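The values are calculated or read from the model by the stated rules, or taken from the named source; none is laboratory data. Remember, it's a predicted structure, so these values are computed and weren't measured experimentally. Please note: Cβ atoms are built from the backbone with ideal geometry, for glycine as well, and neighbour counts cover all protein chains shown. To get the accessible areas, we keep the full protein, side chains included, count just its heavy atoms, and leave off ligands, DNA and RNA. Shrake-Rupley method; radii C 1.70, N 1.55, O 1.52, S 1.80 Å.
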Amino acid sequence: MAGDPVLLAQAIGNLIDNALKYAPANGGITVATAQRPGGAVEVAVSDDGPGIPDTEKSRVSQRFYRGDASRGTPGVGLGLTLVEGVARLHSGALELADNRPGLRATLVISTGMPSRASEPAS
C-alpha cells in the first residue's frame, strides 16, 4: 500500500491512545489488521471501555468535540479528527462500531496512492 508513514503512524497511535484512555484497569485492548475484499487495508483497535453511544458516533470526529464520557479525561478532542483526516487523505475512512462492551475503531486505507486533493498547493 502507498501512504504517508508518519501520518499513518500518528493515526494508529491516536486510536491506541484512545483505547488506553477508556479501557478499564486490567481491561483488554486488541489491535488487528486485515485486508478487505477489493484490497483496502484495515487497522482495527478495540477496547472494552464504555464505548461511544450511537447518538455521538457521527460527532466524535468533529474538531474539539468531547462526548459526555470523555469530559473528565485528558485531551482536547482532536484525536479522532486527525484519524479521520488521515483516512480521507488515503482514500479511506474511519469506522466506529460497538465492541460489546467498548468500541472498535477501524482505520480503513485504500491500497492506491494517497489523494493529492487534500494536500496544500505548493
Exercise. Quickly run through segment 30-42 and pick out the residues that are under 14 Å from Ala105 (Cα atoms), in contact with a Gly (Cβ under 9 Å, 6 or more places away or on another chain) and either at pLDDT below 95 or not acidic (Asp, Glu) (or both).
Key: Val41
Quiz item: Restricting to segment 39-55, what's the tally of residues that are surrounded by fewer than 17 Cβ atoms within 10 Å (Cβ to Cβ) and either of a type in the set (Ser, Thr, Tyr) or outside any loop (DSSP other than H, G, I, E, B) (or both)?
Solution: 3
Self-check item: Candidate set: segment 43-63, residues that are acidic (Asp, Glu) and within 15 Å of the chain's Cα centre (by Cα); chosen: the one modelled with the highest pLDDT
Solution: Asp47
Self-check item: Leading residue by the ranking (farthest from the chain's Cα centre (by Cα)) among those in segment 65-122 that are modelled with pLDDT of 90 or more and among the β-branched types (Val, Ile, Thr)
Solution: Ile109
Self-check item: Residue list for segment 10-38, filter: closer than 19 Å to Ser91 by Cα and either over 14 Å from the mean Cα position of the chain (by Cα) or part of a loop (DSSP other than H, G, I, E, B) (or both)
Solution: Ala34, Gln35, Arg36, Pro37, Gly38
Quiz item: Taking interchain pairs and intrachain pairs at least six residues apart, which have beta carbon atoms under 7 angstrom, with the first residue in segment 1-24 and under 14 Å from Ile109 (Cβ atoms) and touching a residue at least 40 places away in the same chain (Cβ under 8 Å) and the second among the aromatic types (Phe, Trp, Tyr) and part of a helix (DSSP H, G or I)?
Solution: none
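Identify the residue in segment 18-35 that is open to solvent by 70 Å² or more (accessible area, probe 1.4 Å) and not aliphatic (A, V, I, L, M) and, among all such residues, is nearest to Leu82 (Cα to Cα).
Filtering first and then ranking leaves Lys21.
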